[in-house]
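Enquirer: I have a structure here, written as structure tokens, and I will follow up with some questions on it.
The values are calculated or read from the model by the stated rules, or taken from the named source; none is laboratory data. Computed from a predicted model, the values in this text were never measured in an experiment. Please note: Cβ atoms are built from the backbone with ideal geometry, for glycine as well, and neighbour counts cover all protein chains shown. Remember, those area values only see protein heavy atoms, side chains included, never the ligands or the DNA or RNA. Shrake-Rupley method; radii C 1.70, N 1.55, O 1.52, S 1.80 Å.
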Amino acid sequence: PYHRNLGKRIRKSPKLYFMDVGLATFLLGLHTRPAVLQGPSLGPLLETAVVAEWVKAFRGSGLEPPLSFWRSSDGREVDLVIEYGGRVHAVEVKATDTPVPPHAANLAAFTELAGPSTRAVLACRIGSAVGLRPGVRAVPWHLAW
């Protein structure tokens, strides 16, 4: 978990990711496309896919992935926090194809605490990037930076 002092208590319990989403879907018993796309596991699987791509990108460049997540004591969460190049990048993953500003509420809370240089995106199932609220844009999940 991301644990820089952000003026709020945070939870420091770790998250576990299955880096092979195909294997994860098989082990969950999701053997058809509709079972994956219409089931309750789509959100966590999409989050896992985004995290796995970031891990691969950093490791493919010979770098240890500077990845974490943020969860406040009151339950607000940002799925992925990347500290790289002197900046903090926050990524929230949603399995929606119709993003709306409330989907970015946790990103807004995090960027308010982390500072104005923080970049924030909502990775979701859309075709092209759109502005969602000040400082947050929604992007196709496979282009989350």
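Enquirer: Looking at Gly131, is it more than 20 Å from Tyr17 (Cα to Cα) and in a loop (DSSP other than H, G, I, E, B)?
Expert: Details: more than 20 Å from Tyr17 (Cα to Cα): yes; in a loop (DSSP other than H, G, I, E, B): no.
No.
Enquirer: Would you be able to say whether some residue in region 96-109 is farther than 15 Å from Leu46 by Cα, of a type in the set (A, V, I, L, M, F, W, C), open to solvent by 50 Å² or more (accessible area, probe 1.4 Å) and in contact with a His (Cβ under 8 Å, 6 or more places away or on another chain)?
Expert: Among the residues of region 96-109, not one is farther than 15 Å from Leu46 by Cα, of a type in the set (A, V, I, L, M, F, W, C), open to solvent by 50 Å² or more (accessible area, probe 1.4 Å) and in contact with a His (Cβ under 8 Å, 6 or more places away or on another chain), which makes the answer no.
Enquirer: Next up: Exactly one of these conditions fails for Lys56: (1) closer than 24 Å to Leu27 by Cβ; (2) open to solvent by less than 20 Å² (accessible area, probe 1.4 Å); (3) not small (Gly, Ala, Ser). Give me its number.
Expert: All conditions pass for Lys56, except number (2).
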